[in-house]
Amino acid sequence: MDDQNLKDKQRESADDQMIEQAFKEVLDIYVASRHRKKVDIITKAFNFARQAHKGVRRLSGEPYIMHPIAVARIAVEEMGLGSTSICAALLHDVVEDTDYTVEDITNIFGEKIAQIVDGLTKISGGIFGDKASAQAENFKKLLLTMSDDIRVILIKICDRLHNMRTLQSQPANKQYKIAGETLYIYAPLANRLGLNKIKTELEDLSFRYEHPEEYDYIKGKLADTQAQRDMLFENFTAPIREALDKMGIKYELKARVKSPYSIWNKMQNKHVTFDEIYDILAVRIIYTPKERSEEINECFKIYVAINRIYKSHPDRLRDWVNHPKANGYQALHVTLMSKQGKWIEVQIRSDHMDEVAEQGFAAHWKYKEKGLESSVETVDEDSELNNWLSTIKEILDDPQPDAMDFLDTIKLNLFASEIFVFTPKGEIKTMPAQCTALDFAFQIHTFLGSHCIGAKVNHKLVPLSHKLQSGDQVEILSSKSQHVQASWINFVFTAKAKQKIMAILRRDNRELQKRGEQILDDWLRKNELEMTTQVLNKLCELHEAKKHEDLFLMLGKRSVLLGDKDLDELRERKAEQGGWRKFVPFLKKDNSKDDKKSNLFIVGEGFNKKKPVIINEENISQYIFPTCCHAIPGDDIMGYIDNKNRIEIHRRDCDVASRLKASFGNRILDAKWDMHKVMFFDATIELRGIDRKGMLHDISEVISDKLDVNMHRITISSEEGIFDGTIEIRVHDRSEVSVIMDELKKIEDLKEVLQIL
C-alpha cells in the first residue's frame, strides 16, 4: 500500500510540474504579445479552473486542466486574443462540468468573462451531449447570431481544434461523429471568419480520422513527390527572384502545397488520380511595401513584372486585392505557364494581407498606422475586437450568395425572423420571432402542448400567451387535467401549434361525432329504421346540418334531441335501399411485405455502440444499404441507427452520412468489412473517349476476357466522333474496380475512366 501511495504522490508531483509548465508557456506567449498585461486575472482564472477540475482526467489519461490550458494557448498564440479570452478559455468547462454557476463566475471575474463562459456553456450544453442530436443548422445560426461577443465563437473553434488534435483517445464511432461535425460546422465557420490556417488543420484532422487509408496514401504521395516539387519551385522562381531583386522589392517566396483534404476532395469531385492534380504546388510572393499607402500599387507592379517572364492564363486572374473576399482575404492570384509545361498558380500578397489570410482576426491589430516598429504599444482587446466585429457584422448583414455557401440553404437575412430558445437542460430550439410559451410547448411535444397550463421563462412564471425572446430559457408547466381550448388558436404563432390545436379539436369533435352516431343508431333501431343515406339527408335537412358529420356532432354535444317529429317525417318516406351505412374506419395496410424484412438486425438495449459492426457474408442481409452511396466492400463505411433501431450502412464520405454525423452523432457506429470475395456487388464505370472502330471490342476484351469480370450492362452513345458510356459490372469489392479502371486506361483513345459512386 505504501508503494502505491508513493507512486500516486510521484504521479501527482509530475502532473503538477506539467500543469505549471504548460501554464507558464501560455503566460510567456501572452506577455510577449502587444496586449495590455493583465497577468493577475489570468493567473486567478488558472488557479480557479485548476481547483474546480481537480482530480478529473481526460480519456487520454492527462489531468483535465491541461485541456483548458491548451485552448487558452490556441486563443493567444494562434488567434492573437487577449486576457478576457484567455480567462474565458481557462474557465470554459467550469460551469458545465462542476458545481460552479455563471453567477459565481460573474462575482469573481466580472460580467464580460462570465457572459462568454455562459455563451460557451449554452453552446455545448444540449447540442453535443449524447442524448440530444447535434442540430447543426441551429448551431451554425446560433453562432452567427451570438456575435454580441464574437469571442464565444472564436474560443469554441479553439476548443474544437484541441479536441481534434487529441481525437486519437476516442473510440471510432465518436471519432466519426466529431470529425463529421467538424467538417460540417467548424471548418466552414473558421473559413468564414478568415482563419485559414485553422480551417485547413480542422479539415485535415477530420479527413485523417474519417479516411485513414486515403489520408496515409496522400501523405505518402506528397512525401514521394517532395524532391520533384522542390526542383520545380527552384527552377520556376529563379527568374522571378532576379526580376524582384532588380526592382528593389523586399519580398519572401514560399511554396504552398495543397492540403491532403483539398487534394482528396478534388480527386473525389473531379474523378481524377493524385498524379492528375496539377495545382498541388502554388507559389506565394509575400512583399513588404515601402509605404503602406503604396501596398496595392506594388502588388500590381509585381504582377506586371512576372507577366513579362511567363505567359499567364487569361481566364485565371483573380483580383481579391481591390475586391476582398467576404472573410477579409486579399491577394492577387495569377496562373502562369512554367518552362516545364505545367500551369502554376502564383499568389501575390503583402505581409499584412498574408497575416490576415492565415490568422484572420489575430492579424488586425498588428498593423497600426505607425507600423510594426512600435511593438511597445499595447492594445485593448475589447476595442480591437469591436473594430473587427463591426466588419464581420457588415458581412453578415449583407450576405453575398457565394459568401454564405456554408449555410446550406438558409440565408442569413432570414435570421432576423428567428429566435433561439433553450430548454431547462440547455438544448437549443429554433423558433420564429413573435412565438409564445404555448408555441414552444407544442414544439417540444404535442402532449406537453395540449396539457400546458403555463411556463417559467428565465425562472419566472408567465402565462401561455407570453412572447419569447432570443436566449430565454423556458420550462413548460403542465397538468393532466388541462385540455386544449378553442381560444388558444387566437394567440399561438407557429403553424405547428395551430395545426396541432386544430387537430386535437377535430379529434375531440370526432369523439363527439362517434357518440352522436351511436345515439342516432340506437334511436333508429329502437324505432325499427335503418341508417341509410336518405334517412341521414332528411335528418340533416330537418336540423339544418350541412353534412352528416355536423348532424352527428350536434347529437354528440346534445345540442339536438331526436323526437316524434323526426320519426313522423322519416316514416313518411320509405327507404329505397336497405342495408346499414356506417362510417367504416380505414383498413390497415397489408403488413405482409414488412414480414419479409423481419431478418433485419434491431439494436437492443444492451448494444455496445463503441464496438464496430462487422459485416460478413452471413449477416450482410441484416443491414440496410441505402441507395444514396451504394457502399460495397473496400469502401470506408460507418453505421447509423435509424428511427426504427435498424442499422444503415453508408460510405463515410456520402453526403447523407455527412449530415447524419453532424446531426445525429450519438447514433453513429463504426463499421468494418469481413468479406471473402464470395458475394458479388454492382459497380458502375463511366467512359469517355474518341470514337473509333473496334473500341467496344477492346473494352469488352479487357473486362470479360483479360480480367474475367461479369459485365452486367453496357451503354455507349457516340456523337461527332466522341463517345461516352457506362458499364455496369459485378465485382467482389472496390479494389477490383480499381484494377479494371487501370486496365481500361491503357486502351488507346479512351480518355476518361470514372467511377460512379
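Report, in cubic angstrom per residue, the convex hull volume of the C-alpha atoms of region 191-346. Don't skip to the end; give the middle numbers.
Numbers: hull volume 20.3 nm³, N = 156.
That works out to 130 Å³ per residue.
Please list, in order along region 20-27, the HN-Hα scalar couplings obtained from phi with the Karplus expression 6.51 cos²θ - 1.76 cosθ + 1.60 (θ = phi - 60°), rounded to whole Hz, x for Gly and Pro.
Values, residue by residue: 4, 5, 4, 5, 4, 5, 4, 4 Hz.
Considering only protein heavy atoms, what per residue accessible area in square angstrom results for region 211-353 with a 1.4 angstrom probe?
Working: 7660 Å² over 143 residues.
Heavy-atom accessible area per residue stands at 54 Å².
For residue 470, what residues show an amide H to amide H distance below 5 Å, using hydrogens built from the backbone and excluding near sequence neighbours?
Close amide H contacts, sequence-distant or interchain: 420.
May I ask you to give the percent of accessible area on region 214-278 that is carbon plus sulfur, with a probe radius of 1.4 Å?
Values: 1870 of 3840 Å².
Carbon and sulfur: 49 percent of the exposed surface of region 214-278.
What list of ³J(HN,Hα) couplings, whole Hz, do you get for region 238-245 from phi and the Karplus terms 6.51, -1.76, 1.60, once you set θ to phi - 60° and write x for glycine and proline?
Residue by residue, region 238-245 yields 3, x, 5, 4, 4, 5, 5, 4 Hz.
So with the 1.4 Å probe, I'd like the accessible area per residue for region 618-757, rounded to whole Å².
50
Got a number for carbon plus sulfur as a percent of region 599-708's accessible area, 1.4 Å probe?
Exposed carbon and sulfur together represent 50 percent of the surface.
Hey, can you grab everything whose amide H is under 5 Å from the amide H of residue 454? Only 5+ residues off in sequence or another chain; H modelled, so Pro and N-termini drop out.
Here the answer is 477, since their amide H atoms fall under 5 Å of that of residue 454.
Quick one: with all protein chains in place, what share of the accessible area of region 28-81 is carbon or sulfur, to the nearest percent (1.4 Å probe)?
Carbon-and-sulfur percentage of accessible area, whole number: 53.
Amide H neighbours of residue 81 under 5 Å, counting only residues 5+ apart in sequence or on other chains, H built in-plane at 1.01 Å?
The list, which skips near neighbours in sequence, is 76.
Out of region 424-527, which trypsin sites (Lys or Arg not before Pro) are coil in DSSP terms and have no more than 16 other C-beta atoms within 10 Å? Write out the running numbers ahead of the final one.
Working: sites: 425, 429, 456, 460, 467, 480, 496, 498, 500, 506, 507, 510, 514, 515, 525, 526; in loops: 425, 480.
Those that pass, being in a loop and sparsely packed, are 425, 480.
From the phi angles alone, apply the Karplus equation (6.51, -1.76, 1.60; θ = phi - 60°) to region 731-747 and give each ³J(HN,Hα) in whole Hz, x where the residue is Gly or Pro.
Whole-Hz 3J(HN,Hα) from phi for region 731-747: 10, 7, 7, 5, 5, 5, 4, 4, 4, 4, 5, 4, 5, 5, 5, 7, 5.
Starting from 0 in steps of 5 Å, tell me what percent of the Cα-Cα pairs of region 1-89 lands in each bin.
3, 14, 24, 22, 15, 10, 6, 3, 2, 1, 0
Quick check on region 412-486: of the DSSP beta bridges with both residues there, what percent are antiparallel, nearest 5%?
On the way: 14 of 15 bridges.
The antiparallel proportion sits near 95 percent.
Loop-only check: which chymotrypsin sites (Phe, Trp or Tyr not before Pro) in region 251-318 are DSSP coil with at most 13 other Cβ within 10 angstrom?
278
Heavy atoms only, probe 1.4 angstrom, no DNA, RNA or ligands counted: give me 230, 354 ranked by accessible area, highest first.
230, 354
The values are calculated or read from the model by the stated rules, or taken from the named source; none is laboratory data. What you see is a predicted model, and the numbers here were worked out from it, not measured in a lab. A quick note on method: Cβ atoms are made from the backbone with ideal geometry, for glycine too, and the neighbour counts reach across all protein chains shown. SASA here: full protein model, heavy atoms, side chains in, ligands and nucleic acids out. Shrake-Rupley method; radii C 1.70, N 1.55, O 1.52, S 1.80 Å.
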